[in-house]
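Contents: one structure, followed by commentary.
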Amino acid sequence: MSDRRYILAGNWKMNKTPYEAQQFANMLADSLVGFTFFDIYIAPTFVALDRVREAISSSNIKLAAQNMYFEDSGAFTGEISPKMLKELNVSAVILGHSERRKIFGETDELINKKVKKALNDGFVPIFCVGETLEERQKGLTFAVVEKQVREGFYGLSKEEAQKVVIAYEPVWAIGTGVVATPQQAQEVHAFIRELLVKMYDDQTAQTIRILYGGSVTPENFFGLFIKKDIDGALVGGASLKESFVQLAKIMDKIITK
Ligand code: 13P
């Protein structure tokens, strides 16, 4: 097991009203007491952030946002600024999720601007990469992931790069129930770490945390999480229910044993 501090992050996507989010966050705040050996993040929708912030204020759960813009204020209708998130105690921001890339047309260049802004403003960027099924079938997985990592990290110093959390989320595994096998995930995680050695150095590559995401459940989590280069999970569907608590229990057991 490495020295990296592991992460369990829940991406609630466009689920739960503010009230539902608050109720669920209250439950999590109670159930996750004592899990202090890894970082726990939950990412509700923007409109639920304030209520969830209150619900978890005296817990060990940290607040994450699902996106943000790279300017502090101005004429950007419909966008949310880092400054607004700061005031709500948000500490991490998911950036470049495949749903943002695919449905909302976010480019590597835009995502890079957001990553830089997040680092500049003291957020932990949870930067997502991953190939589509078609790209995997064509043997393009490494090429696609390399381009996304290189462009997402463009212009970052070694010190900045070390603060980024990468989430490898194969698009074909997101919300499909088709999880990557531990071998498939580990292979890409190791590839990303080697790439980071080339882009920076060994120490930087060993510091950066790389999460797996895509149909993670309590049933498949153990096999993934024991892999050398998998430093935790970014969880969608299973983070909306009691199963998130089970995932925390599994992670705790592996880390503390
Ligand atoms: P699922 O866990 O629902 O597959 O979603 C993964 C994801 O996209 C997390 O960001």
>> Every residue in the range 101-137 that is more than 14 Å from Leu156 (Cα to Cα) and open to solvent by 60 Å² or more (accessible area, probe 1.4 Å), please.
In response: Lys102, Ile103, Phe104, Thr107, Leu133, Glu134, Gln137
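Restricting the search to the range 223-249, which residues are out of contact with any strand residue (DSSP E or B) (no Cβ under 9 Å at 6 or more places or on another chain) and more than 14 Å from Ser31 (Cβ to Cβ)?
Of the range 223-249, the ones out of contact with any strand residue (DSSP E or B) (no Cβ under 9 Å at 6 or more places or on another chain) are 223, 226, 228, 237, 241-242, 245-246, 249.
Selection gives Gly223, Ile226, Lys228, Gly237.
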> Mind checking whether some residue in the range 13-21 is touching a Leu at 6+ places or on another chain (Cβ under 6 Å) and among the polar types (S, T, N, Q)?
Replying inline: yes
> Considering only residues of the range 173-223 that are assigned to a helix (DSSP H, G or I) and within 12 Å of the ligand (Cβ to nearest atom), which is surrounded by the most Cβ atoms within 10 Å (Cβ to Cβ)?
Replying inline: Phe221
> So is Val124 of a type outside the set (S, T, N, Q) and touching a Leu at 6+ places or on another chain (Cβ under 7 Å) or not?
Replying inline: no
> Of all residues in the range 226-238 being outside any loop (DSSP other than H, G, I, E, B) and surrounded by fewer than 23 Cβ atoms within 10 Å (Cβ to Cβ), which is farthest from the ligand (Cβ to nearest atom)?
Replying inline: Ala238
>> When the residues of the range 1-15 are narrowed to those that are away from the ligand (no atom under 14 Å from the Cβ) and open to solvent by 50 Å² or more (accessible area, probe 1.4 Å), which ends up nearest to Phe104 (Cα to Cα)?
In response: Arg5
> Quick one: what pairs do we get from the range 2-17, first residue within 13 Å of Phe38 (Cβ to Cβ) and part of a loop (DSSP other than H, G, I, E, B), second open to solvent by 10 Å² or more (accessible area, probe 1.4 Å) and of a type in the set (Ser, Thr, Tyr), C-beta under 8 Å, 6+ apart or different chains?
Replying inline: Arg4/Thr207
> Do we have any residue at all in the range 22-44 that's closer than 28 Å to Phe153 by Cβ, surrounded by 14 or more Cβ atoms within 10 Å (Cβ to Cβ), polar (S, T, N, Q) and touching a residue at least 24 places away in the same chain (Cβ under 8 Å)?
Replying inline: no
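Within 14 Å of the ligand (Cβ to nearest atom), among the β-branched types (Val, Ile, Thr) and either closer than 25 Å to Ala43 by Cα or surrounded by fewer than 18 Cβ atoms within 10 Å (Cβ to Cβ) (or both): does that describe Val165?
Yes.
The values are calculated or read from the model by the stated rules, or taken from the named source; none is laboratory data. Note that the coordinates shown come from a computational prediction; the quantities given were computed from them, not determined experimentally. Here the Cβ is made from the backbone with ideal geometry for all residues, glycine too, and neighbour counts use every protein chain on show. SASA here: full protein model, heavy atoms, side chains in, ligands and nucleic acids out. Shrake-Rupley method; radii C 1.70, N 1.55, O 1.52, S 1.80 Å.
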